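The values are calculated or read from the model by the stated rules, or taken from the named source; none is laboratory data. In this text, all values refer to a predicted model and were calculated from it rather than measured experimentally. Every residue, glycine as well, gets a Cβ built from its backbone with ideal geometry; the counts of neighbours run over all protein chains shown. Remember, those area values only see protein heavy atoms, side chains included, never the ligands or the DNA or RNA. Shrake-Rupley method; radii C 1.70, N 1.55, O 1.52, S 1.80 Å.
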Amino acid sequence: IQSSKILVPGEPPQFSDSPSFRVVLPEKCTGLAAQDGVLIAFAESAVYAVQGAGPNDQGQGAWESPRGVTRSTGAIAGSFTLETSAGVFFQSLRGIEMIPRGMGEPIFIGAAVQDTLGSATVISAAVIKSGTSSTARFVLGTATVLVYDLETGAWSKDTYPASVSAICDTEEGAVLTLKDVSNGFGFLQE
């Protein structure tokens, strides 16, 4: 994993080849997320935490060595990571899991939707805020979107008139990209 130099508003990110800007994992990185000031680095069979302030622009200082959070699960390649108020969601070989706040052992929370998920890979995910509630939504590339209520921990499913390929939150609500039968794309705002 290579970090950039300190970001300057209005300028593109700058990188250095200095080793102090790199974190070397014991295996290939499949995803990244941040939670409570900690970088979470995923591999297919493990999850690592990287702490520290990192180097300054001159390369002085460095990231701490990655420490193992777990070696019992990890994020599959090509999937998603999603930071939420409850923790960081990711997709493992067994389904949707979450690393709770405080960097505890990952929790398999996707059992209730495992039949719907099947062997599909979540291709897009977002936290959608509506009033005082928030949901995590998981796009499978089909007409079904899995919905996890962050307050109650309950799962539900939304069904759309076409395959959903992406989702994001806006001030006006969720916006979804739909693929119609003519292979064109359209947008749906909830």
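So here's what we get for this one:
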{"quantity": "Size of charge dipole - the range 8-57 - debye, nearest 20, with Cβ of Lys, Arg +1 and Asp, Glu -1, no other charges", "calculated": "100"}
{"quantity": "FRET efficiency for E11 and L32, using Cβ-Cβ distance with R0 set to 25 Å, rounded to 0.05", "calculated": "0.65"}
{"quantity": "Sparse-neighbour loop sites [chymotrypsin sites (Phe, Trp or Tyr not before Pro); the range 71-135; at most 14 other C-beta within 10 Å; DSSP]", "calculated": "none"}
{"quantity": "Spin-label pair A120/R22, simplified geometry with 7 Å Cα→Cβ offset, distance in nm", "calculated": "3.9"}
{"quantity": "The chain: C-alpha pair distances exceeding 25 Å, %", "calculated": "43"}
{"quantity": "Sulfur and carbon atoms: percent of accessible area, the range 61-153 [1.4 Å]", "calculated": "49"}
{"quantity": "Given charges at beta-carbon only (K, R positive; D, E negative), |dipole| of the chain in Debye", "calculated": "420"}
{"quantity": "Partners for K157 among lysines (Cα-Cα distance below 19 Å; same-chain residues under 8 apart left out)", "calculated": "K129, K179"}
{"quantity": "The range 9-124, relative contact order [Cα under 8 Å, separation at least 6], %", "calculated": "19"}
{"quantity": "Residues E83 and F108, FRET efficiency given R0 of 22 Å [Cβ-Cβ distance, rounded to 0.05]", "calculated": "0.75"}
{"quantity": "Cβ-based charge dipole, the range 111-190, positive-most Cα from Q189, A154, S165", "calculated": "S165"}
{"quantity": "Positive dipole terminus of the chain, leading residue within S133, L39, P12 (C-beta point charges)", "calculated": "L39"}
{"quantity": "Residues listed by number, the range 122-138, amide nitrogen under 19 Å from D149 label point at 7 Å toward C-beta", "calculated": "126-138"}
{"quantity": "E44-S133 FRET efficiency (beta carbon distance; Förster radius 22 Å; 0.05 resolution)", "calculated": "0.10"}
